[in-house]
Amino acid sequence: MEFEGTETVPVERSAAWDLITDPAVLTTCVMGAEEIARVSEDRYEGAIRQRITGIDVALDGEVRIEERDRPEWLRFTGVGTDSRTGSRMDADVTVTLTDEGAATELAYDVDVTFTGRLATMGSRVLRRQVRANVETYFENLVDRVEARA
Amino acid sequence: MTDGTADATGRSEADYYRPETVEAACRRLRDADGRVRIVAGGQTLLPLVRQGLVDADAFVDVSAVPGLSGVTVEDGRATVGATTTYAELADHGLADRVAALGEACAVVADRQVRTLGTVGGAVAHGDPTFDLLAPLRALDADVGLAGPDGRRRVPLSEFLIGHLRTDRHEGELVTDVTFDRPDPERSGSAYERHAAAGSGRATAGVAAVVTLVDGAVETARVACSAVADTPVRAHAVEGDLTGEAASAEAVAAASERAPADIDPIDDEAGSPAYKRRLVATLTERSLLSAIGRAGGSP
Ligand SMILES: Cc1cc2nc3c(=O)[nH]c(=O)nc-3n(C[C@H](O)[C@H](O)[C@H](O)COP(=O)(O)OP(=O)(O)OC[C@H]3O[C@@H](n4cnc5c(N)ncnc54)[C@H](O)[C@@H]3O)c2cc1C
């Protein structure tokens, strides 16, 4: 499933870039993220545990920055596996950062695929869930910046 | 009340409890070892268990608790117990008086789901496509919960916090929903939904509850299912219609504003643009029907 969106953060582009690549920020802004660590310049490892009413999902995974052009855009991929349900999630995300005076617009393009038992939940349920996650991430990011300003 | 190792699917080793009082159910929820799940009609939960997406060490089946079942109306306030099934609600006089409820029950799947599926299961699961939620939102319902810290009530609008996410605390069970029964003399309600052929689930649904005074709209409450992370109120429509003549023209104009409060996604049921159009149409239909039932002639 693919979707896209935009969010504006009230900081300049290079600061916005640092924010989105900071593992501490990732951990606080991703719903249910635990212990995301940057294991090398371009690789992050961590776990995401989410409890929604229907199911419990615990993804152990890795995020890798595949391409980047600081501070304009980056493309990263994520792989998460849930051993209990034998499911796997693959994400391919592109974020483009555009100057808007003292603020920065983040435009994201997300392509997510599920395999295994999670995929049987169907896109009706998963789509909304994944989108809610991505939106919450960017909203949390904005909240975090605004709380500091 | 059976304590045993056979679970509802007969497959795993989960414990299965069938308490007969709310207190006993709460105790089971608190004391069960490991991950515990409440089951009522099982129409949503058991398919997930079968698919391996829900894995529980214990199930607490609340369907045998007499105190959780049934519909009462007292001093104009209606109470629907959590384990009341769609079929039971549809058969109750309340569903004739508040047509939106009867209409929502009637469109749910098939006989089996309506006979076993419960109001509490619909509320507790937090799935915005469930049909009963829009009428309950339009009725300004609140949700009763019982848990280790006693009982509490929460407006449905605050209980449903996101897609498949609710404000239910650990160890709590939903006991009932309550709402003011709209004035039978001056009010009307309706639920209109559309489902793609073969899917069964709502692409979109709209419930309207309207009260009239002297041919004008005194209050209008409109709620939409399946087009946001939770069932949402169409505040723009409500605002435009309040105080207006209860006419077809006013309804048509206000209904065009329905897309302002929804957030549909692109999925196999259709594009966001299609769903916005659909919601405007369903809003108009449900409002016209609700006004007609309130004694108006739009
Ligand atoms: C084939 C099919 C078609 C369907 N079509 C429709 C449809 O057209 N429209 C529609 O609205 N719905 C539809 N449904 C879903 C149905 O509405 C819901 O399954 C039903 O309302 C859930 O009630 P239940 O008692 O079966 O819940 P269960 O499956 O027993 O439980 C559902 C969830 O709620 C929790 N729960 C249940 N009761 C309580 C309680 N008292 N307190 C706390 N938590 C509780 C459970 O732990 C579980 O997470 C369909 C289901 C099936 C299988």
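The values are calculated or read from the model by the stated rules, or taken from the named source; none is laboratory data. Computed from a predicted model, the values in this text were never measured in an experiment. Here the Cβ is made from the backbone with ideal geometry for all residues, glycine too, and neighbour counts use every protein chain on show. The area values use the complete protein model at the heavy-atom level, side chains included, leaving out ligands, DNA and RNA. Shrake-Rupley method; radii C 1.70, N 1.55, O 1.52, S 1.80 Å.
Give me the residue from region B:19-42 that is within 11 Å of the ligand (Cβ to nearest atom) and in contact (Cβ under 8 Å) with a residue 40 or more places away in the chain and, out of that set, surrounded by the most Cβ atoms within 10 Å (Cβ to Cβ).
Restricting to residues being within 11 Å of the ligand (Cβ to nearest atom) and in contact (Cβ under 8 Å) with a residue 40 or more places away in the chain, the top hit is B:Ala40.
Among the residues that make up region B:69-84, is at least one of them at pLDDT below 95 and either among the aromatic types (Phe, Trp, Tyr) or within 14 Å of the ligand (Cβ to nearest atom) (or both)?
no
Looking at (1) surrounded by fewer than 19 Cβ atoms within 10 Å (Cβ to Cβ); (2) within 8 Å of the ligand (Cβ to nearest atom), can you tell me which one B:Leu45 breaks?
Single failed check for B:Leu45: (1).
So which helices (runs of 4 or more DSSP H) are wholly in region B:93-149 and hold at least 1 residues that are near the ligand (Cβ under 10 Å from one of its atoms), within 13 Å of the chain's Cα centre (by Cα) and within 14 Å of chain A (Cβ to nearest Cβ)?
Output list reads B:119-125, B:133-138.
For region B:255-271, indicate whether the set of residues that are open to solvent by 10 Å² or more (accessible area, probe 1.4 Å), out of contact with any helix residue (DSSP H, G or I) (no Cβ under 9 Å at 6 or more places or on another chain) and within 14 Å of chain A (Cβ to nearest Cβ) is non-empty.
Within region B:255-271, one or more residues are open to solvent by 10 Å² or more (accessible area, probe 1.4 Å), out of contact with any helix residue (DSSP H, G or I) (no Cβ under 9 Å at 6 or more places or on another chain) and within 14 Å of chain A (Cβ to nearest Cβ).
Going by what's in this entry, would B:Val177 be described as farther than 22 Å from A:Arg131 by Cβ, away from the ligand (no atom under 14 Å from the Cβ) and among the β-branched types (Val, Ile, Thr)?
No, not satisfied.
Please determine, by comparing only the residues of region A:49-96 that are of a type in the set (Ser, Thr, Tyr) and within 14 Å of another protein chain (Cβ to nearest Cβ), which one is nearest to A:Asn133 (Cα to Cα).
Step by step, filter region A:49-96, then rank; the result is A:Thr53.
What is the number of the single condition among (1) at pLDDT below 85; (2) outside any loop (DSSP other than H, G, I, E, B); (3) among the polar types (S, T, N, Q) that A:Thr6 does not meet?
Against the list (1) at pLDDT below 85; (2) outside any loop (DSSP other than H, G, I, E, B); (3) among the polar types (S, T, N, Q), A:Thr6 comes up short only on (1).
Given the structure, is A:Asp109 free of Cβ contacts under 8 Å to residues at least 40 places away in the same chain, part of a strand (DSSP E or B) and not hydroxyl-bearing (Ser, Thr, Tyr)?
no
Using the structure shown, decide if B:Arg152 is more than 14 Å from chain A (Cβ to nearest Cβ), in a strand (DSSP E or B), open to solvent by 20 Å² or more (accessible area, probe 1.4 Å) and of a type in the set (Lys, Arg).
Answer is yes for this residue.
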